[in-house]
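Here the structure comes first, spelled out in C-alpha cells, and everything after it is commentary.
The values are calculated or read from the model by the stated rules, or taken from the named source; none is laboratory data. None of the values given here were measured: they were computed from a predicted structure. No Cβ is skipped: glycine too gets one built from the backbone with ideal geometry, and neighbour counts run over all protein chains shown.
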C-alpha cells in the first residue's frame, strides 16, 4: 500500500508540474468558467426567476463542463513522445498510475472550482460565505466519483481519433446522478436549510463515490493494456 | 535473461507475429532487421509486456524493472527539464536518491548533456533529445535493453555516439535487442542477427564476423525471397 501511494503521489506531482508549466488545460478551464458565468449573469432576467433558485444550477453546470476540459488533458500529456509506454513499462502498479492521475485531476478541478466559486459570488450576490463549509464538503463529495469516472474514460479514449468529443459523450450520462444531487443540496444550502433535510442526496453522493472510485480503479488496468 | 517462445499475435485479420522463438544471455545483442510492417516493434512490445500475445509467451528475468527501452519516441515530457525527466523516471523505479545523483551526473556527462540538464526537453535538438532518452532508459541500470529504431532522426555524429554507448552497454553485460529496417545501423553492435518478414524470423544466426555489406546482401535475399 505504501508503494502504491508513493508511486501515485509521484505521478500526481509530475502531472501538476507539467500542467502548471504548460498551463494549457487549466487556462482553458478557467477562461471557460469565467465566460459561462458572465453569460449567465448578463443573459438572465432576475425579475422572472429568483437568483437563489437559478444559481445552484448555473454553478454546477459550469463546474461540470469546466471539469471536462480539465479531464481531457489527463492522458494527453502521456501521448507526447509516447510517455504512456514508459509509465506502463515502469514497475509500478496500474492502480498507482490511476490514483496518481485521479489525484492530479482532483487538484485541477478543485482549482477551477475555487476560482469559479469566487466569480460566482462576485456575479450572483449569493451568500456563499454563510454556508462555505458545507458547500465545500458537498462540492468535494459530488466531484470525487465523477472525476474517477472521467479519469477512467479519459484513459479509454485518449488513443481514439476524436478523444475530445468522445469524452463528454461517454461521461455525461454518468454525470447526471451527482449533478442532480449536488444541485438539490446546493439549493437547500443557499435557502438556509439544514443538511439533515438533504441527507438522502448526501447518501446518494457518498454511494456514487464509493461505487465509481472502486469500479474505475478495478477497470483502469484493462483500459491501458493492449 | 530474455526469452520468447512460439509467439503469435495479430491485429484483427492481419498477422503480426508468427512462431517467434529465441533467447538471449548476458552480453548478447540480437539485431532484428525487417521492412516496415514486419512485426519488429510488436515483438519488442510483447517482450516488454506492453502487448499480451495471442499465443506463446515472452519474458525478461527480473521483469519490467530489468528493462530499459530506447525508441524513436523518447518517452520524455517536453515541459520538464532533462534533469526533472531523469529524476521522475528514476523515482518510478525506486532508485535510491544517492544513486540518482551519481547516475545523473555520470550519464549527463557521458552523453554530453551536462550543460543542457536544466533546459526543458522541448528546447533541445533532436539529437540532444535522443541522448536524453538514452539517459532516461539507463537511469535505473537495466539488465536488458530493448531498442526500437533508436537511430531515427539522428545525424551521423550522434548515431556514432549512440553506437559507441550501446557497445559499452553490451560490454557491461546487458542483453540487447535492437530492431531496425536499416542493416547498416545495427550490424556492428550485434552478436546475433535475425531477418524478419510478415511476423516471422526468415533467418536467425550468429553474426560470425560478417559486415554490413555481406549482411545487406543476405537480407535482400532472405526478405525478398522468403
* Asked: Which one is surrounded by the fewest Cβ atoms within 10 Å (Cβ to Cβ), of the residues in segment A:4-46 that are more than 14 Å from every other protein chain (Cβ to nearest Cβ) and touching a residue at least 60 places away in the same chain (Cβ under 8 Å)?
  -> A:38
* Asked: Here are B:65, B:45, B:52: which of them is within 11 Å of another protein chain (Cβ to nearest Cβ) and in a loop (DSSP other than H, G, I, E, B)?
  -> B:52
* Asked: Would segment B:11-24 turn up any residue that is surrounded by 15 or more Cβ atoms within 10 Å (Cβ to Cβ), in contact (Cβ under 8 Å) with a residue 40 or more places away in the chain, more than 20 Å from the chain's Cα centre (by Cα) and at negative phi?
  -> yes
* Asked: Restricting to segment A:74-110, what's the tally of residues that are modelled with pLDDT under 90, within 12 Å of chain B (Cβ to nearest Cβ) and assigned to a loop (DSSP other than H, G, I, E, B)?
  -> 0
* From B:122, B:103, B:200, grab the single residue that is within 14 Å of chain A (Cβ to nearest Cβ) and more than 16 Å from the chain's Cα centre (by Cα). => B:122
* **Residue match in segment B:72-84 (condition: more than 9 Å from chain A (Cβ to nearest Cβ), over 14 Å from the mean Cα position of the chain (by Cα), modelled with pLDDT of 90 or more and farther than 28 Å from residue B:104 by Cα)** => no
* Kindly check whether there is at least one residue in segment B:90-104 that is modelled with pLDDT of 90 or more, outside any loop (DSSP other than H, G, I, E, B) and either touching a strand residue (DSSP E or B) at 6+ places or on another chain (Cβ under 8 Å) or under 27 Å from residue B:43 (Cα atoms) (or both). => yes
